[in-house]
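The values are calculated or read from the model by the stated rules, or taken from the named source; none is laboratory data. As the structure is a prediction and not an experimental result, all values here were calculated from the model. Cβ atoms come from the backbone with ideal geometry, glycine included; neighbour counts cover every protein chain shown.
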Amino acid sequence: MKSFSIALAALVSVTLALTDKEKSALTIFNSRYHPEEHGKTALITELSEYSANAGLASVKNKFDQKQYASAGQELSSHIASLKSDPLVQPGKQYAMPYAMLNGCVKEFRSVA
C-alpha cells in the first residue's frame, strides 16, 4: 500500500507540474497573441508580459533592460521545461498555447 501511495504522489506531482501562474500565462498568451498581426516590438511586449504573468521575473527584467539574447535564451529554457509536461503534449488542454508560445519565442530569436 505504501508503494501505491508513493506512486500516486509521483503521478500527481508530474501531472500538476505547471504552476497556476504558468497555466494562467499560457491561457492569456493564447487568447491575445496573433503572430501574423504583430511586429517585433509587439512580440517583445507580449513575451515580456508572458514572463511577468508566469512569474519569470528575471526574464521580464532582461526584456525591460533590452537584454534580448539573454531573455530569449532563458525563455527557451523555460519552454523546454514546459515541453515535458503532460498538459502541453499534443491533444491536451495547453498544447495550443504552448505551441504558440514556442513559435513566438523562435520568431523572436530570429529577429532580435
Worksheet entry | Residue among Ala42, Ala69 that is in a helix (DSSP H, G or I) and without any contact (Cβ under 8 Å) to a residue 12 or more places away in the chain | Ala42
Discussion item. Anything in segment 45-66 that is over 18 Å from Asp20 (Cβ atoms) and not in a helix (DSSP H, G or I)? List them, or say none.
Written reply: Gln65, Lys66
Response to the item:
Over segment 85-104, the set of residues in a helix (DSSP H, G or I) and surrounded by 20 or more Cβ atoms within 10 Å (Cβ to Cβ) is Val88, Pro97, Tyr98, Leu101, Cys104
Discussion item. Please verify whether Leu43 is in contact with an Asp or Glu (Cβ under 7 Å, 6 or more places away or on another chain) and either surrounded by 17 or more Cβ atoms within 10 Å (Cβ to Cβ) or modelled with pLDDT under 85 (or both), treating the condition exactly as stated.
Written reply: yes
